[in-house]
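Written out below as structure tokens is the structure these notes cover.
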Amino acid sequence: MTLLEEGLFSEFEDLLEDVTTDVYTTSMEDGDDDETVVHRLDANTLTLNELLTELERRGLQPRGFFADDAKILQIEFDEEHESYIESKRKERIEVRELEAKRAIQQRRKILMDTQIREERIEIQNDEHIEGWLHLVQHRAAPSHSRIEVNDVTARSLAKALWTDSNVLSLDVGNMNLSDLAGAYLCRALRNNRSIVKIELAGNRLGPETCKSLGESLCTNGVVQFVGLESNPLTGKMNDLSGIQAIASMLRQNHTLSHLCLWRCNIGPEGGRIISNALADNKGLTCFEIGYNGWENCQILSITTKLEHNKEKMRIRKEVDTRRKMEADKLLLAEMKIDDEKKKEKDSHKWIEDQMIKRSEKRHLEMERLAHEKAMEEERKRKEEEQRLADEKKAKETAKKKGKKGKKKGKKVSA
């Protein structure tokens, strides 16, 4: 048994037969007559010395007359006797309460083990439900699901749906499910916040299912459609406790818009309960109530209330539509303003970018011109240096030639 199974068992535990209460009651009643007889002490049977000793032990001063002292001591004896009897009674109650709690815990463990074992066996023997449970547990089930279950596997499905967030519409109609199975499935709605529609028609659902449904939908603000068509909702004994639970739910829940109680044998008293509860309801707009033996005045009252809710719903939708249109218009205007601001910002940015690009281009052009000028000056400098070097070289060459000519002239004259 996993911790998950134990934890979920506690969420559904109170739907089982109320054996724990029976165990507790039986344990508390056992031994009520098992009381040890303790005789009262009689002060008049004591000797004078015994009487004085008992008075002294209790811090009482003797008056000197046996009858008076015996009367005073007897009062003390009686009070002590009652206190002793009461303390023993409390001890017996504490022992029985402890035994009862142990018995309840043991019975709870047996119930939990038995239930989980039954579910595991059913799942192992049914590949179809095993596959569905796998899908639900891994949040992979279709949003609109019809899942074939029986009284045992319905419990497993309810536990899987407890934390599911994928199934939007669940159909378990016409499967001959018991009242307990229905109660389990409706209990899942206490925690589930994805199911919008649940179809439970054509089963054997009764008061326990209605009570579980009513309790769950008092806190569930998601479910909008519940189908209970063709179910004996008051059971064989005309038990209206489930109808009372649905009525209490209708006073508090304003999300449920469609409820089908067609051919559920509810009777006129149940009709009165439902009719009175609808006076405080603001959400129900479709209510199927045929073949329940309700009085015409009840049907008329319900019909009038539904029309009132429809009109309120129509007005709310119109107001919501206008508000949405105004909000959309405002949003569109804001988007247009934002778009214009963005365009203006983009335009400024483009101009700035162009200015920067032109500045960079001018800078590069100036650098290029400066470089070319430097190169030209360098070329001219080198050319000038080369010209000067050539002139110097030519002068030196001419000078050397002049010296050689003078030497030859001297030789010829000689």
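Residues in region 31-42: is at least one over 52 Å from the mean Cα position of the chain (by Cα), in a helix (DSSP H, G or I), farther than 30 Å from Q137 by Cα and at pLDDT 70 or above? Checked against the condition, which is being over 52 Å from the mean Cα position of the chain (by Cα), in a helix (DSSP H, G or I), farther than 30 Å from Q137 by Cα and at pLDDT 70 or above, region 31-42 yields no hits at all.
Can you find even one residue in region 149-165 that is in contact with a Leu (Cβ under 9 Å, 6 or more places away or on another chain), more than 16 Å from V226 (Cβ to Cβ), of a type in the set (D, E) and in a loop (DSSP other than H, G, I, E, B)? Yes, there is a match, as at least one residue in region 149-165 is in contact with a Leu (Cβ under 9 Å, 6 or more places away or on another chain), more than 16 Å from V226 (Cβ to Cβ), of a type in the set (D, E) and in a loop (DSSP other than H, G, I, E, B). In a residue-by-residue description of region 204-218, the property of being among the charged types (D, E, K, R), at pLDDT 95 or above and assigned to a strand (DSSP E or B) applies to no position. Candidates R96, R102, R107, R120: the one that is buried (at least 16 other Cβ atoms within 10 Å of the Cβ), modelled with pLDDT under 95 and over 24 Å from the mean Cα position of the chain (by Cα) is R96.
Looking for whichever is at positive phi and either touching a Cys at 6+ places or on another chain (Cβ under 9 Å) or open to solvent by 10 Å² or more (accessible area, probe 1.4 Å) (or both) here; the options are R146, R139, R204. Which one fits?
Numbers: R146 fails: at positive phi; R204 fails: at positive phi.
Of the residues listed, the single one that is at positive phi and either touching a Cys at 6+ places or on another chain (Cβ under 9 Å) or open to solvent by 10 Å² or more (accessible area, probe 1.4 Å) (or both) is R139.
Residues in region 276-333 that are within 32 Å of the chain's Cα centre (by Cα), more than 20 Å from T255 (Cβ to Cβ) and at pLDDT 95 or above: 1 in all.
Residues that are out of contact with any strand residue (DSSP E or B) (no Cβ under 8 Å at 6 or more places or on another chain) and surrounded by fewer than 18 Cβ atoms within 10 Å (Cβ to Cβ) within region 163-177 comprise T163, S165, N166, N174, N176, listed in sequence order. Could you please find all residues in region 55-76 being open to solvent by 70 Å² or more (accessible area, probe 1.4 Å) and either within 9 Å of A43 (Cα to Cα) or among the β-branched types (V, I, T) (or both)? Those that are open to solvent by 70 Å² or more (accessible area, probe 1.4 Å) and either within 9 Å of A43 (Cα to Cα) or among the β-branched types (V, I, T) (or both): K71, I75. Answer yes or no as to whether R155 is crowded, with 23+ Cβ neighbours inside 10 Å, more than 26 Å from K282 (Cα to Cα) and among the basic types (K, R). Yes; evaluated as a whole, the condition is true for this residue.
Please find, among S143, S169, S156, the residue that is of a type in the set (S, T, N, Q), closer than 18 Å to Q115 by Cα and more than 17 Å from the chain's Cα centre (by Cα). Give the steps one after another, and end with the answer.
Values: S143 fails: closer than 18 Å to Q115 by Cα; S169 fails: closer than 18 Å to Q115 by Cα.
Going through S143, S169, S156 in turn, just one is of a type in the set (S, T, N, Q), closer than 18 Å to Q115 by Cα and more than 17 Å from the chain's Cα centre (by Cα): S156.
Taking the conditions exactly as written (of a type in the set (D, E, K, R), within 28 Å of E11 (Cα to Cα) and surrounded by fewer than 21 Cβ atoms within 10 Å (Cβ to Cβ)), does E269 satisfy them or not?
Here the answer is no, as E269 does not meet what is asked.
The values are calculated or read from the model by the stated rules, or taken from the named source; none is laboratory data. Worth saying up front: this structure is predicted, and the values here are computed from it rather than measured. As a convention, Cβ positions derive from the backbone with ideal geometry for all residues, glycine included, and neighbour counts pool all protein chains shown. Just so you know, the surface numbers come from the protein's heavy atoms only, side chains and all, with ligands and any DNA or RNA stripped out. Shrake-Rupley method; radii C 1.70, N 1.55, O 1.52, S 1.80 Å.
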